[in-house]
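The values are calculated or read from the model by the stated rules, or taken from the named source; none is laboratory data. Since we're looking at a predicted model, the values are computed, not measured. Cβ placement follows ideal geometry from the backbone for every residue including glycine, while neighbour counts extend to all protein chains displayed. Ligands, DNA and RNA are excluded from the accessible area calculation, which covers all protein heavy atoms including side chains. Shrake-Rupley method; radii C 1.70, N 1.55, O 1.52, S 1.80 Å.
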Amino acid sequence: MTSGLMPPITGKKGRILSGIQPTGNLHLGNYLGAIRNWASMQADYQCLFCIVDMHAITVWQEPSELGRATREVAAGYIAAGLDPSANTLFVQSHVPAHAQLAWVFNCVSRLGWLNRMTQFKDKAGKNREAASSGLYVYPNLMAADILVYKATHVPVGEDQKQHLELTRDIAQKFNADYGTQLFPLPKPIIQGPGMRVMSLRDGKKKMSKSDPSVYSRINMTDSKDEIAHKIRKATTDAQPLPGTVEGLEGRPEASNLLNIYAALTDRTLEQVLLETEGWQFSQFKTKLTEAAVSVLGPITTEMKRLISDPREIDHVLARGADSANEIANGVLQEAYNAVGFMSGRN
Ligand code: AQP
């Protein structure tokens, strides 16, 4: 299964690949649901963290914004503790082998498989005919992102599970079709009960970078005052907070805010409810603001420092692209050999 071209994963449990799309402002959901978990994995795994700008353009991105958003994600990674000297941090479009392997996978993956992807249905919405073909084949590119590094593990949230299954199907079919053991079948890492942060305006909707309402999310670059203001304006209901999880039934906004508070203070929901039972939202929101500011404050300060002089970020990303290209080009060549493409440079 291993290749001579791949650097050995010595002393680690495996290799991880994960990424975020530069589709707007990084928010608390991206931090609590993804980046914070990744930071806890870097000691055990060899990690590659990318900024998936090629995925981002499957829906329209303002060209003048995309570069800024890409650097902001990089700043978020570094500020939230992803160590660029121990991990590979890079931009997807800086490593052409992702797109090259994705083309091969477009020819391996089946239309029937893509038709079952629920995220395409969600993102394309009612006007499916107007969706980009990139959005449709997005899962094939994601498979290439992972397999071009022969990643063994992928941290996934609930919404990405189906895509990882497809990656495994593609790896399996490629290996079977071409009589090779080239690609490992990557395993999901699901950390505890998946943390899904919901919108501050609507407890049934996911907190999202692309939500047009700035009051729906706490950005990782928000100041203390902005955080306080957004939490003050967060939608709630009229009852005091309950003492049990069952008491949160039918109260999505209260559940969301309490779950955020639990995650920020590293406690379970049950532990938090013991503290907040009977409180009015005004009292609770003050506590929640304090917790959010104390966790995000140092990260925000560091992000702003990095963004104000992008040379450091650009240097990290250039170095990351060099290491990523080194691995990816080797694996791509192996895939090309398996397919039978004529060698171009002998
Ligand atoms: N609300 C959330 N709660 C928990 N985790 C979340 N993630 C995103 N939103 C939440 C996690 O962050 C990573 C980044 O995902 P992505 O940028 O590839 O796409 P996404 O999940 O579609 O993120 P957004 O913020 O909602 O972006 P847009 O608005 O562009 O669609 C993933 O690990 C995701 O689980």
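Couple of notes before you dig in:
- Residue pairs whose Cβ atoms lie under 7 Å apart, sitting 6 or more positions apart in sequence or on different chains, and linking a residue in the stretch 234-246 that is of a type in the set (Asp, Glu) to a partner that is open to solvent by less than 50 Å² (accessible area, probe 1.4 Å), are Asp237/Arg251; Asp237/Glu253; Asp237/Ala254.
Listed here are the residues, each with its yes/no results for (1) of a type in the set (Ser, Thr, Tyr); (2) more than 16 Å from the ligand (Cβ to nearest atom); (3) in contact with a Cys (Cβ under 9 Å, 6 or more places away or on another chain); (4) in the same structural domain as Ile327 (by TED's automatic domain parsing).
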residue	(1), (2), (3), (4)
Trp60	no, no, no, yes
Gly76	no, no, no, yes
Gly81	no, no, no, yes
Ala86	no, yes, yes, yes
Val91	no, no, yes, yes
His98	no, no, yes, yes
Arg110	no, yes, no, yes
Leu114	no, yes, no, yes
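- Residue within the stretch 43-52 that is farther than 28 Å from Phe183 by Cβ, touching a residue at least 12 places away in the same chain (Cβ under 8 Å), assigned by TED's automatic domain parsing to the domain that holds Phe120 and within 14 Å of the ligand (Cβ to nearest atom) present: no
- Residue within the stretch 174-195 that is under 22 Å from Thr58 (Cβ atoms), of a type in the set (A, V, I, L, M) and out of contact with any strand residue (DSSP E or B) (no Cβ under 8 Å at 6 or more places or on another chain) present: no
- Identification of helices (runs of 4 or more DSSP H) wholly contained in the stretch 48-136 with 3 or more residues that are open to solvent by 70 Å² or more (accessible area, probe 1.4 Å) yields 63-79, 118-124.
- Within the stretch 154-184, the set of residues being free of Cβ contacts under 8 Å to residues at least 12 places away in the same chain and touching a Phe, Trp or Tyr at 6+ places or on another chain (Cβ under 8 Å) comprises just one member, Asn175.
- Flag if Ala144 is at pLDDT 95 or above and within 16 Å of the ligand (Cβ to nearest atom): yes
- Qualifying residue in the stretch 253-262 (condition: β-branched (Val, Ile, Thr), surrounded by 17 or more Cβ atoms within 10 Å (Cβ to Cβ) and touching a Lys or Arg at 6+ places or on another chain (Cβ under 9 Å)): no
- So Ala151, is it buried (at least 20 other Cβ atoms within 10 Å of the Cβ) and either free of Cβ contacts under 8 Å to residues at least 60 places away in the same chain or within 16 Å of the chain's Cα centre (by Cα) (or both): yes
- Odd one out for Gly203 among (1) away from the ligand (no atom under 16 Å from the Cβ); (2) touching a Ser or Thr at 6+ places or on another chain (Cβ under 8 Å); (3) of a type in the set (Gly, Ala, Ser): (1)
- Test: residue in the stretch 32-40 that is in a loop (DSSP other than H, G, I, E, B), over 30 Å from Ala130 (Cα atoms) and outside the structural domain of Val295 (by TED's automatic domain parsing): no
- Within the stretch 154-167, considering residues that are aliphatic (A, V, I, L, M) and within 15 Å of the ligand (Cβ to nearest atom), the one surrounded by the most Cβ atoms within 10 Å (Cβ to Cβ): Val154
- Within this structure, Ser223 fails the test of being within 13 Å of the ligand (Cβ to nearest atom), polar (S, T, N, Q), farther than 17 Å from Phe284 by Cα and open to solvent by 30 Å² or more (accessible area, probe 1.4 Å).
- Of residues in the stretch 305-346 being open to solvent by 60 Å² or more (accessible area, probe 1.4 Å) and small (Gly, Ala, Ser), the one modelled with the lowest pLDDT: Gly344
- Conditions (1) at pLDDT 95 or above; (2) open to solvent by 40 Å² or more (accessible area, probe 1.4 Å); (3) touching an Asp or Glu at 6+ places or on another chain (Cβ under 7 Å); number of the one not met by Lys13: (1)
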